[in-house]
Structure formats: C-alpha cells, structure tokens
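Encoded as structure tokens, the structure appears first; notes follow it.
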Amino acid sequence: MILTPQIYVRIGLLLLAGVIFQVSFLSDLSFLGATPYILPVLVVCLGLLGGAVTGAVCGFAAGLLLDSALLQTLGVSSLVLLAAGYLAGRYRENFELSSPLIPPTLAAGLTLFASFVFGAIQLMLGIDAPVSLLILREIVLQTLLSFVLAVPLYPLVRWLLRPALIEDTERRRPRLPSAIGAR
Amino acid sequence: MYRKQVRRRRAVLVLLVVVSLVLLSTHFSEGSGGPLHGVQRVVATVLGPLEEGADRALKPVRDMFDWFGETFDARGENEELRDEVADLRERVAKAESAVGENKELRDLVQLGPAGGSQGREAVAARVIGRSPTVWYSTVTIDRGSSSGVDVNDPVITGDGLAGRITDTTSGTAEVTLITDHRSAVSAEVLPNGPSGVIKPEVGDPGELLLDFIEEDTEVDEGQMVVTSGWRAGHLTSLFPAGLEIGKVTEATVDEQETYQRVHVRPFVDLREMEIVQVLTEPGGADGQSRAATGDTG
C-alpha cells in the first residue's frame, strides 16, 4: 500500500466511522442472541490490503478508540485487534488472495481468534460472576456474522483505498505496445 | 532490504503489544481519577456527540430490524402476557389492601411516607452506545455530570432496575448493567421472602442468580425480587429499597452446595431499552457516604 497523508486520513476516518457504527448501531442489533462485531472484520480488511504493520497499527488504533468510547479498560481491545490485523497482514504477505472467499473466511477465523483471546484476557483480569456456556454460542454466531459482514466490507474498503493499492495502480496505467512499430 | 522490512515489522509489533500491555495494567490498577482515565474521558466526551448523532440518524433502520424480530416473538409472548396479567391483577388487589393498612399503621406510630426513590431526582437519558461483547454489559447514555449524573447513581427504566452509573464525562455516562460480571445487588424476595445478592450469569443476559439463599428457605416460582435497600449505621445501600429487579423462574438445590441457585428473570429488557432514568442525589453525592462492599453494583 502506498501511504500518503490522504490515505492516512481515509484510514483514520474509516476506523472512526467503524467504531461509531459499531457502538451506536450494530451493538443494538441481535441475531439469534449475538451482536454483529464489525471491528475485527474492518481491521482484517485493512491488514489484507496494507500488510502486517498496517493491520497491527489499525487494530491498535481501533481498539483504543473503542475502549475510550465505551469507557472500558484501555488496552484490551487494542491488544486483541492488533493481533487480528497483524495476522491478516502476514497472510497477505505470504499468500495470494486467489479466491474471493478468502477475505470473509479470514475475517471469520480471526474474529473467532479475537473472541477467545478477549475472553482469556477478561478471565485473567478477574470475573466475579459465573460464566454461562451461552458465551460459546455468542462467539460462534459472531464468527458467522463476521463472514457475512466481510463479503460487502472488503470490496468497500478496497474501493475506498484504491489510490493506495499498488495492484490497482498498475491496472489503471495505460499499456505500452509490446513490440517495436506496433500500434 | 528484506531483512530490514522484517526487523521493522517485528519492532512495530513488539512496540504495539508492549504499549497495549502497559495501558492495560496502568488503567486497571489506577483509580478512576488517574491520568489515563482522564484522557479516556476527554476522548469519550469528543466521541459522545458523534455517537448521539449516529444513534438518532440510524434509529429508523434499527427499528426496522427490531420490527422483524418482534413480529416473530409476538405470538408466543401474547399467551404468556395474558397469564401474567391475570396473576398481576390478583396481586394488585392484595397490594392495595396492604397499602391502606400500611398508611394506617404509619399514622398510628407517626412515621413519614416511604418513597421508592427516597427523595432522589430522576434525570431522563437516552442510550446512545452499547458494548459489542458479552464480557462487558454496559451502555453509554447522553447525560453526564453537567446534568447532575454522578458515579453510583442507580439507573432504572419503566420496568425496573437496569444498573448503575460507573463513569461520567460532562455530557455522557457509562451505565454498568445488572447483567455485567462486576454487578452485585442486594435484593429480597417478596412478600416476606429471604434476602440475598443478585449476580449475573455472564453470557446470558436473560438470567440472573439470587445468591446466598439457604437451601432450606422456601422460594417459589413467580415471586418478585426487589432491591432490599439496606442501611447499617452511616452506610446505606447504593440502591433505594423497592426497585423491581425481576421474577423468580426456578430454585434448584445442589447436594454439595450450602445455598440454593435461585434463577431470576429480569423485568427490564436490557438489549432493547432506549430511554432510562438516572436517580440522582439532590445536590450531588458530596457528603453522603456509600457502601463500597455488599452493593458493588
């Protein structure tokens, strides 16, 4: 990804919009008892497009914004989302996105990973109440919802960041004739 | 060149992880007046109007989703509600008789009236934000310290107790709901039932547990659970007495446990509530000592 000040602003606004959309809208919805969680999906998309460092930094920033907006313990969401963004970026750096199903599958997988890590951190910080097994249902349903959310979100994020994407830049450059004298 | 990229990537990752861990441990261990909490409140203050604007703008879309869900649930709920209305009519008749007798007895011993809100002022607020995970059961409301809202103020809806205020900015406040793992409310079973502590079951927002009820105490399905509002010397409960919490759905006894597991269904639909009331202290909380134990939430 070619990072310019304009792209930094776009990514910043995207993360801010994602946090506000999550807190003020998506968290109020319930599908079979589970809440859609868009932030891991957004961070995975940014990691897939920008690489491991971009994914990690965006995950950290998104987590910090979320914890600040909800007055929760700082650092928990940052840790979880930066891990998800970094892993998505590492996948991008080592493998080709040969199928349109790979981004949603990765988003779902890393949301599952993030949910378990988040739960582990909460248990380490101390839970004063019994924990219901319904939490597992919530985690599984959130994972499925992440797959569904990633289907439109990845192309949307890609479109928003297209000036920074190297593959898209090459695609838009006019082709030169490959043989001397050809027109 | 490649090695440089790998070193840079690892350095950024390690730096971000270390910063996250430092933030986590510092924020967790410092008091609510610490510098990190202060910075967090500033950011929350800035984001508050954005959350409120987004909440209002997206309300029609949210209502459309809710309409679909409620239509599917309505049929089953209708039958249940008819039975509940019949039961409540009977209770209201008995309660009215008890109110009259209560007044008579109070007049006899010259006691003043006992209000459920104990002289508190109610500030109406709108829910503008909600935590996306089940590990935190909190909402953000659009009233803060500038409206007289203070930490530990109880939060109710028309159906009953919802939670308490745990943090404030000038324009917003965080409400920790009774389904949050940090919440514990002193409660009693009506009428003339035992007292215990209401705790949540993390991951199940439709279920609370009334703890510390001895196994030989009789608790029946359908009995109402309200806040007990205790007082011990200078210390008083965070919640006034008589705030409705929920209804007993089941009481089970485990052979190896000293206490029963009394399951309570909360009256308030915490996922759907949009408007709440904060019971604020008249003139603020200065000079009033509140318990830090027994009622942690």
Of the residues that make up the stretch A:157-164, is at least one crowded, with 16+ Cβ neighbours inside 10 Å, modelled with pLDDT of 90 or more and touching a strand residue (DSSP E or B) at 6+ places or on another chain (Cβ under 7 Å)? no
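Mind checking which residues of the stretch A:26-59 are of a type in the set (A, V, I, L, M), part of a loop (DSSP other than H, G, I, E, B) and facing chain B (nearest Cβ under 9 Å)?
The first filter runs over the stretch A:26-59 and keeps only residues of a type in the set (A, V, I, L, M), leaving A:26, A:29, A:32, A:34, A:38-39, A:41-44, A:46, A:48-49, A:52-53, A:56-57.
Right, trim to part of a loop (DSSP other than H, G, I, E, B) and you get A:29, A:32.
Across the stretch A:26-59, the qualifying residue is only A:29.
Please state which one of B:41, B:8 is within 30 Å of residue A:89 (Cα to Cα) and outside any loop (DSSP other than H, G, I, E, B). Break it down stepwise before answering.
On the way: B:41 fails: within 30 Å of residue A:89 (Cα to Cα).
Only one candidate passes the filter, namely B:8.
Taking the condition at pLDDT 90 or above, more than 8 Å from chain A (Cβ to nearest Cβ) and over 23 Å from residue B:143 (Cα atoms), does residue B:22 pass? Give the steps one after another, and end with the answer.
On the way: at pLDDT 90 or above: yes; more than 8 Å from chain A (Cβ to nearest Cβ): no; over 23 Å from residue B:143 (Cα atoms): yes.
Criteria not met by residue B:22.
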Pick from the stretch B:223-232, criterion open to solvent by 20 Å² or more (accessible area, probe 1.4 Å) and either of a type in the set (A, V, I, L, M) or not in a loop (DSSP other than H, G, I, E, B) (or both), ranking: farthest from the other protein chains (Cβ to nearest Cβ): B:231
So, in the stretch B:171-222, how many residues would count as being in a strand (DSSP E or B) and at the interface with another protein chain (Cβ under 9 Å from one of its Cβ atoms)? 6
Would a scan of the stretch A:60-67 turn up a residue that is closer than 24 Å to residue B:57 by Cβ, of a type outside the set (Asp, Glu), assigned to a loop (DSSP other than H, G, I, E, B) and within 10 Å of chain B (Cβ to nearest Cβ)? no
So, in the stretch A:7-32, exactly how many residues are open to solvent by 30 Å² or more (accessible area, probe 1.4 Å) and over 17 Å from residue A:161 (Cα atoms)? 4
So which of A:112, A:82, A:106, A:97 ends up being within 14 Å of chain B (Cβ to nearest Cβ), open to solvent by 10 Å² or more (accessible area, probe 1.4 Å) and among the aliphatic types (A, V, I, L, M)? A:112
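The values are calculated or read from the model by the stated rules, or taken from the named source; none is laboratory data. Remember, predicted model here, so these are calculated numbers, not experimental data. We place every Cβ from the backbone using ideal geometry, glycine too, and count neighbours over all the protein chains shown. Note: accessible area is taken over every heavy atom of the protein model, side chains too, but ligands, DNA and RNA are not part of it. Shrake-Rupley method; radii C 1.70, N 1.55, O 1.52, S 1.80 Å.
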